Amino acid sequence: MKSFTITLVVASISIICILSIGLVSALNQEEASVSLSWSSQTYYQGDAAAARITFQSYCSDELRLYYIGIQFDWMSPVEFYGLDLSDDPVSISSYGSYTFDIKTIRIPSNVSAGSHNYFVGVEGLQVGQAMVDFSWDSPISVIEIHDVNEKVFYALRSEVADKINAAINANYKNPEAQSLLNQAKNEYSTAHLLGNEDKWQEAVASLQKAADYVEQAEAKEQTGGGLAGIPQSLVLILAVSVIVVIVVAIIAVIVKKKRKQTNSVVDQSLETIEEQS
């Protein structure tokens, strides 16, 4: 009799556990689905993201949703980006759907670049012959997170290209400026090669070097020695002035020399006359 009592208690506990499990996850996997629409096609480390989630019910019972959110693989098991609807549950009729906007997603700046898993979690109440709480998770999906240096690279690339083209069109005359501009073009080409290999941090460093070289070249062209940076018209005027000064100086020397020669001849003539006298 005692043995029968113990067996009955164990059986009762087992039944209660089975029913409890059924109550927690009453909604079957195939009785719902979700579709996501992201606010951007590309996300980078540190970005703010947003998603529109459409929850579709394939259940004949009414569903009342209390929580819906997205969990990424960089989060703890109890963390979600989502909505707390417990104060105002969303009712979804039999085979109905509802769309939610999740606007609070923050991609950590230290998350690794590459593929990351995520899923949508839902908690609610299934309203049928009995009121049954449920917890439902979507299948795993994948999102690509890009290196933030890639974002910096594309923004900086066009800026540096414009500066290099402007320097080329300026037709620098200063040899040092020309050398610096060539170094800028070489670094720009190196940055492209590194970008093609997804070495974004190194690519950004090369672009920054290219930008520095362009700035140095411009400064050297404007303030360097010689005639660099002086307008061609002014250079021509200076050259003509120098030539005129040189010619005038030569003429003055020749005239002075001729005067000396003339005076010497006169002096000799006078001396000859005096001697004859």
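The values are calculated or read from the model by the stated rules, or taken from the named source; none is laboratory data. Since this is a predicted model, take the numbers as computed values, not measurements. Please note: Cβ atoms are built from the backbone with ideal geometry, for glycine as well, and neighbour counts cover all protein chains shown.
Residues checked against (1) hydroxyl-bearing (Ser, Thr, Tyr); (2) within 30 Å of residue 65 (Cα to Cα); (3) in contact with a helix residue (DSSP H, G or I) (Cβ under 9 Å, 6 or more places away or on another chain):
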{"site": "125", "(1), (2), (3)": "no, yes, no"}
{"site": "132", "(1), (2), (3)": "no, yes, yes"}
{"site": "136", "(1), (2), (3)": "no, yes, yes"}
{"site": "144", "(1), (2), (3)": "no, yes, no"}
{"site": "152", "(1), (2), (3)": "no, no, yes"}
{"site": "169", "(1), (2), (3)": "no, no, no"}
{"site": "185", "(1), (2), (3)": "no, no, yes"}
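Mind checking which pairs have a first residue in the range 106-133 that is free of Cβ contacts under 8 Å to residues at least 12 places away in the same chain and a second that is surrounded by 12 or more Cβ atoms within 10 Å (Cβ to Cβ) and in a strand (DSSP E or B), Cβ under 7 Å, 6 or more apart or different chains? Final answer for the pair search is 131/125.
Selection of the range 1-41 for residues being at pLDDT 95 or above and of a type in the set (Val, Ile, Thr) yields only 34. Filtered by the rule that a residue be of a type in the set (Ser, Thr, Tyr) and surrounded by 21 or more Cβ atoms within 10 Å (Cβ to Cβ), the range 166-210 gives 172, 188, 206. The strands (runs of 3 or more DSSP E) falling completely within the range 36-102 that include 3 or more residues that are closer than 17 Å to residue 120 by Cα map to 48-57, 62-72, 81-84.
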